[in-house]
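The structure under discussion appears below in the form of structure tokens.
The values are calculated or read from the model by the stated rules, or taken from the named source; none is laboratory data. Everything quoted here is computed from the prediction, not taken from an experiment. Using ideal geometry, Cβ is built from the backbone for each residue, glycine included, and neighbour counts are taken over all protein chains shown.
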């Protein structure tokens, strides 16, 4: 839930609206949980396909979160809103970026980590240009 959604929800006393990202995340959790329960019950009963179902469950444990990450990233990209799946970490939070830049400036060039500070500043400048 983004900061604006939290503020809106807190001001009106209502819960934040369900977004496509939230619906996808809850659907993924329910899908994985149901799959684990079915696999567990199948193993307890001893059905013939329990081994295949277990392998399928292992594969989906990897595939579902990856698919959800891609979906959440696409929604954020198409709506021009940042999300936890955003690839642009340097520009995702302007306030934190400003704090980081101020910290780098206050370090100066006489510190032992000046090479690290200069490299970080170059990376920040490069991220800002893109």
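Answer yes or no as to whether residue 112 is at pLDDT 65 or above and exposed (fewer than 14 other Cβ atoms within 10 Å of the Cβ). Please lay out each step first, then the result.
Working: at pLDDT 65 or above: no; exposed (fewer than 14 other Cβ atoms within 10 Å of the Cβ): yes.
When the stated conditions are applied, residue 112 does not pass them.
Restricting attention to the stretch 80-88, does a residue exist that is in a helix (DSSP H, G or I), surrounded by 11 or more Cβ atoms within 10 Å (Cβ to Cβ) and at pLDDT 65 or above? Outline the logic, then answer.
Let us first name the residues in the stretch 80-88 that are in a helix (DSSP H, G or I), namely none.
Looking through the stretch 80-88, none of the residues is in a helix (DSSP H, G or I), surrounded by 11 or more Cβ atoms within 10 Å (Cβ to Cβ) and at pLDDT 65 or above.
Quick grid of which residues meet (1) assigned by TED's automatic domain parsing to the domain that holds residue 20; (2) modelled with pLDDT under 90; (3) surrounded by fewer than 15 Cβ atoms within 10 Å (Cβ to Cβ); (4) not in a helix (DSSP H, G or I):
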site: 33; (1), (2), (3), (4): yes, no, yes, no
site: 37; (1), (2), (3), (4): yes, no, yes, no
site: 40; (1), (2), (3), (4): yes, no, yes, no
site: 44; (1), (2), (3), (4): yes, no, yes, no
site: 47; (1), (2), (3), (4): yes, yes, yes, yes
site: 51; (1), (2), (3), (4): yes, yes, yes, no
site: 55; (1), (2), (3), (4): yes, no, yes, no
site: 62; (1), (2), (3), (4): yes, no, yes, no
site: 74; (1), (2), (3), (4): yes, yes, yes, no
